[in-house]
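Notes follow once the structure below has been shown.
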Amino acid sequence: MRNTRMTNQKYSLEEIRIRLNELDDQLLQLLSERRQMSIEVAKSKVQTSKPVRDAEREQQLLVKLINNGNQKYDLDAQYITKLFHTIIEDSVLLQQSYLQNLANPEQSRKPLARVAFLGSKGSYSHLASREYFSRKNTELIELNCGHFKEVTQTVESGHADYGVLPIENTSSGSINEVYDLLQHTTLYIVGELTLPIEHCLVATSDIRLEEITTLYSHPQPHAQCSEFLGKLNGVTLESCASTADAMRTVKDLNRSDVAAIGNASSGKLYGLQPIQGNIANQTENHTRFIIVARKPVEVSTQIPAKTTLIMSTSQQAGSLVETLLVLQRYGINMTKLESRPIMGNPWEEMFYVDLESHLDSQQMQQALNELTKITKHLKVLGCYPSENVKPTQIKLQ
């Protein structure tokens, strides 16, 4: 029977708000209890060596929740699915973090980390740094850098424990400068994060688009918002080291004819207000960041992992295809293949490959053994937890 206590009576707005506050507090308490139970699940999996994700169990849970929500509480299936995708994702990440702390006890004892990133506070790299390490319950000493090479140099020199680098965007594609740095760095990839990018036009005051003469941002947002920018007449695009630097420039200029592209919440740090949002070419605009460190991380075999490697092949026809057939033969899924020129070797390419596979798995070791024999150069850049949790797939009636 559906709850009709609220629908059969009339309440004042104040009474409704009080009741909503009570319900919100109850939801928070239940979510907290559920998180604690997720940790207990992780502890039990240490004993049983079961993987973090159980697709069949997740599917059964989601189907049951949808049926109960619809039949007992008149809740829409899409609403329940969206809500519990978030809850399941949080549970998976919590369990992964617990198991990773067991696999890397020296890191779990460090409550403080020095992190290098591009730009000042409020840049997208800064937001990604805070998002990633908040999941680890790690406080940060934030080291802002003027360019990507400075990020890697700061970590390589030991002045930072980690570096955060954007690697690709769903709208503008791969960030070639970062790929080129990975070809020469001694650092390892130890983590990843995908961050929603919400580009917004910000300025010192509520100006009209026609009043803008100069627009500041990093070249990547310029590319990701090219369709919107193409509709602006007579606007000069100025490039900055980061979106945060662009916003600081607009603040310092304090003119009514300049604006910047950046995150609206970050704009508030610089006293700027949003002029227009949703200006990216794609509605679903995301940037994938990688976390780099001087030493590789140990990855629990119970959690989903990625392995990234770089390799070069001979100039003979079919050489690249031969390497990809090795991956196919061992059932290793490739999520990214990127080619970049090898500096100093004209017309030769270095290939970057992201694989959904644990480095220590039998399939991966066998594949690497074969790849080593047929490539000119091969290096593993890192094996790290896959923190992009894929939603549980079910068929909605």
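The values are calculated or read from the model by the stated rules, or taken from the named source; none is laboratory data. What you are looking at is a predicted structure, and each value in this text was computed from that prediction instead of being measured. Methodologically, a virtual Cβ is constructed for each residue, glycine included, from the backbone with ideal geometry; neighbour enumeration extends over all protein chains shown. Please note that ligands, DNA and RNA were not included when accessible areas were found on the heavy atoms of the full protein model with its side chains. Shrake-Rupley method; radii C 1.70, N 1.55, O 1.52, S 1.80 Å.
Structure data summary
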| item | result |
| --- | --- |
| Filtered residue count, the range 238-248, keeping only those that are more than 15 Å from Phe148 (Cβ to Cβ) and open to solvent by 40 Å² or more (accessible area, probe 1.4 Å) | 2 |
| Hey, Leu102 open to solvent by 80 Å² or more (accessible area, probe 1.4 Å), in contact (Cβ under 8 Å) with a residue 40 or more places away in the chain and outside any strand (DSSP E or B) or not | yes |
| Residue count for the range 62-82, restricted to those that are surrounded by fewer than 16 Cβ atoms within 10 Å (Cβ to Cβ), closer than 18 Å to Lys390 by Cα and in contact with a helix residue (DSSP H, G or I) (Cβ under 9 Å, 6 or more places away or on another chain) | 1 |
| Residue in the range 123-130 that is in contact (Cβ under 8 Å) with a residue 24 or more places away in the chain and either assigned to a strand (DSSP E or B) or surrounded by fewer than 19 Cβ atoms within 10 Å (Cβ to Cβ) (or both) present | no |
| The range 158-206: number of residues that are on the phi > 0 side of the Ramachandran plot and at pLDDT below 90 | 1 |
| Residue match in the range 282-305 (condition: within 13 Å of Tyr384 (Cβ to Cβ) and of a type in the set (Lys, Arg)) | yes |
| Residue under evaluation Val299, criteria (1) in a helix (DSSP H, G or I); (2) at pLDDT below 95, criterion not met | (1) |
| Filtered residues of the range 313-351 (kept if in a loop (DSSP other than H, G, I, E, B) and surrounded by fewer than 13 Cβ atoms within 10 Å (Cβ to Cβ)) | Gln315, Gln316, Ala317, Gly318, Gly331, Met343, Gly344, Asn345, Pro346, Trp347 |
| Filtered residues of the range 202-237 (kept if closer than 19 Å to Leu272 by Cβ, among the small types (Gly, Ala, Ser) and open to solvent by 20 Å² or more (accessible area, probe 1.4 Å)) | Ser205 |
| Subset tally (residues that are closer than 18 Å to Leu165 by Cβ and not aromatic (Phe, Trp, Tyr)) for the range 97-134 | 17 |
| Scan of the range 258-309 for residues that are over 21 Å from the mean Cα position of the chain (by Cα) and either closer than 27 Å to Glu349 by Cβ or free of Cβ contacts under 8 Å to residues at least 40 places away in the same chain (or both), ordered by number | Lys268 |
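Per-residue answers, yes or no, for (1) among the acidic types (Asp, Glu); (2) over 18 Å from Pro304 (Cα atoms); (3) not in a loop (DSSP other than H, G, I, E, B):
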{"position": "Ile39", "(1), (2), (3)": "no, no, yes"}
{"position": "Lys45", "(1), (2), (3)": "no, no, yes"}
{"position": "Glu56", "(1), (2), (3)": "yes, no, yes"}
{"position": "Gln59", "(1), (2), (3)": "no, no, yes"}
{"position": "Lys64", "(1), (2), (3)": "no, yes, yes"}
{"position": "Gly69", "(1), (2), (3)": "no, yes, yes"}
{"position": "Tyr79", "(1), (2), (3)": "no, yes, yes"}
{"position": "Glu89", "(1), (2), (3)": "yes, no, yes"}
